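What follows is a set of notes on a single structure, which appears directly below.
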Amino acid sequence: MPRRPIDTTELTVGLPMRFNAYDGRGNLLLCVGQVIGSEAQRAMLLQHGLFYGSEEECRGPLPPPSVDLSPLARLLDARRRLQAMLAGPAPADFPRAVMDVAAQVREACRINPDVALASILLRTEGPYSSRHAVNAAIACQLTGTALALDEGELAATVAAALTMNIGMFELHDRLLACEGPLSDAQHAAVRAHCQLGVARLREFGVADAGWLDAVRDHHERSDGGGYPGGKRGPEIGRPARLLALADVYCARVAGRDYRPPLQPTQALRWLFLNEGAMLDGSLARVFIKTLGVYPPGTGVRLRNGSLAVVIQRRPTGHQPVVASLTTHDGLRLGSPIRRRGDVEAHAIAEVVDLPALGFRIGMEALWGADAAD
């Protein structure tokens, strides 16, 4: 079988191998699917590694994540891979690399959509840029599924969510720390990021019109008040309108250095009442129904006085399944107790900010193996 040295463009720290790498004696150095963990490991592979096989085999799609990964682990890995991809040199086949990350997000949502939604609210660690992008991709995937979007449109929308801010990736995290109004230069950079993002995606080989249009138009608003083109209503494609909803919701529940996050119920209410006309009122209704009036991960107080977390949506929306964290008189439970929301004492009385009350919530204790990380 022919062999050749590995090219520098084929190895990216934080991304999995596309092929098996061997040394000159045929000893396996790193197998397909294993993640390149450090710059030193990458340098070692470039110095000693050889690829055995055809060029077509070498440039095949990234392998899917291990079947042993939980839905939550898939999402956290998607964040890490996306961060490495956008912060470092673009992979040799950028569109396929993004679609591979999108596939991880979509599979996690298929296996356990409640865990995927809860990760938006409960796993707030790591760089904001990649976390926000994956969160928006989750919301797009689940809402797009509820809308019965065709496979191509939905895949393009999820890919657009992952790359919507590529035009200001370096600036994004820095803007979060701003305590006052943006400077004129910062404001101009923000308004330019949609068109710059499309230019970068084209440069990296993205040719899918739906993907590019959604990135360009996700800040357009139905009343014409958005940017960069001031488009109105039907001029804005459905992927961009859906992405706009996901972007706004995920930003509101994440908060900023200068303001606390909104509770998800507030963010959804604001989305519908204050911004539905500017975005898309009919899509907003489907979006809210999909996430649930009380999305998984929401902290609540039950009518019997105990504190709990929403763990599962139900068709009625207003009566989700919850897990109690305390007794009715405030004593912390050793492990969460699953409750039925249709029992009067266990119905939701109000939404509460559990972290502000000193609760740090481990998702595995609430969702089991699907939330192992």
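The C-alpha radius of gyration of the stretch 299-371, expressed as a fraction of 2.2 N^0.38 Å, stands at 1.02.
In the chain, the DSSP-assigned H stretches of four residues or longer account for a calculated mean residue ellipticity at 222 nm of -14500 deg cm²/dmol, using -39500 (n - 2.57) per stretch and the full residue count as denominator. Remark: the stretch 299-371 carries a charge dipole of roughly 80 debye about the Cα centre, counting +1 on each Lys and Arg Cβ and -1 on each Asp and Glu Cβ. Relative to the Cα centre, the charge distribution of the chain, modelled as +1 at Lys and Arg Cβ and -1 at Asp and Glu Cβ, gives a dipole magnitude of about 660 debye.
Between residue 335 and residue 286, what FRET efficiency comes out of the Förster formula 1/(1 + (r/R0)^6) with R0 = 35 Å and r the beta carbon distance, rounded to 0.05? Computed FRET efficiency for residue 286 and residue 335 comes out at 0.50.
Kindly rank 133-143, 298-308 from highest to lowest mean number of other beta carbons found within 10 Å of each residue.
Ranked from most to least packed, the peptides come out as 133-143, 298-308.
Taken over the chain, the convex hull of the Cα atoms encloses 149 Å³ per residue. When each of the peptides 279-291, 106-118 is scored by the mean number of other C-beta atoms lying within 10 Å of its residues, the order from highest to lowest reads 106-118, 279-291. Only Cα pairs under 8 Å and 6+ residues apart enter the sum, and on that basis the relative contact order of the chain stands at 13 percent. Between 104, 46, 288, the Cα set farthest toward the positive side of the dipole of the chain (charges on each charged residue's Cβ, about the Cα centre) is that of 288.
Kirkwood hydrodynamic radius of the stretch 225-342, from the reciprocal of the average inverse Cα-Cα distance over all distinct pairs: 16.0 Å.
Quick note: the coordinates plus some simple rules give every number you see, no bench work behind them. Keep in mind it's a predicted model, so treat the numbers as computed, not measured. Methodologically, a virtual Cβ is constructed for each residue, glycine included, from the backbone with ideal geometry; neighbour enumeration extends over all protein chains shown.
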